[in-house]
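Encoded as structure tokens, the structure appears first; notes follow it.
The values are calculated or read from the model by the stated rules, or taken from the named source; none is laboratory data. Because the structure is a prediction, the values reported are computed rather than measured. All Cβ positions, even for glycine, are placed from backbone atoms using ideal geometry, and neighbour counts span all protein chains on display. These accessible areas exclude ligands, DNA and RNA; they are computed on the full protein's heavy atoms, side chains included. Shrake-Rupley method; radii C 1.70, N 1.55, O 1.52, S 1.80 Å.
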Amino acid sequence: TTLAGLGGDADPEATRTHLLDVVGRVEHRCLEFTWSYASGIHNESTVRRLAERMVDALREIIVHCAQPGAGGRTPSDFPLARLDQAEVDRLVGDGRAVEDVYPLTPMQAGMVFH
């Protein structure tokens, strides 16, 4: 499969395991994406439109996050605690002042149980 790309340093002739490969990185405080695709399967214009739609979606996320009161924490922010979203909201609120949440120790869990 011949591969083409929209930027980046990847060898266009290299064998890839996916028909479409998107790699993101931050360099010089700038988010960059490299898109590699199978030219026999995808048209450059199709991949370019998809990349442009992704950039538009990222801009919408940035606008939302810049709104006053936007933000908060999710369960993925506290992987050790194994909380669902309702528990995160109940325990940390918007979470701006919370650095981490840890699971109960066995002794603490026993005390809560009793």
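Annotations
- Contacts under 6 angstrom Cβ, first residue in region 37-50 being farther than 17 Å from Val23 by Cβ, partner surrounded by 15 or more Cβ atoms within 10 Å (Cβ to Cβ), 6 or more apart: Ser39/Ala4
- Residues that are out of contact with any His (no Cβ under 6 Å at 6 or more places or on another chain), surrounded by 10 or more Cβ atoms within 10 Å (Cβ to Cβ) and closer than 30 Å to Thr34 by Cα are absent from region 102-112 altogether.
- Cβ pairs under 8 Å, 6+ apart, first in region 73-89 and of a type in the set (Ser, Thr, Tyr), second at pLDDT 90 or above: Thr74/Gln85; Thr74/Val88
- Residues in region 1-21 that are open to solvent by 60 Å² or more (accessible area, probe 1.4 Å) and modelled with pLDDT of 85 or more: Leu19, Leu20.
- One residue alone among Glu52, Glu32, Glu44, Glu27 is over 30 Å from Gln108 (Cα atoms), at pLDDT below 90 and either more than 16 Å from the chain's Cα centre (by Cα) or surrounded by 12 or more Cβ atoms within 10 Å (Cβ to Cβ) (or both), and that residue is Glu27.
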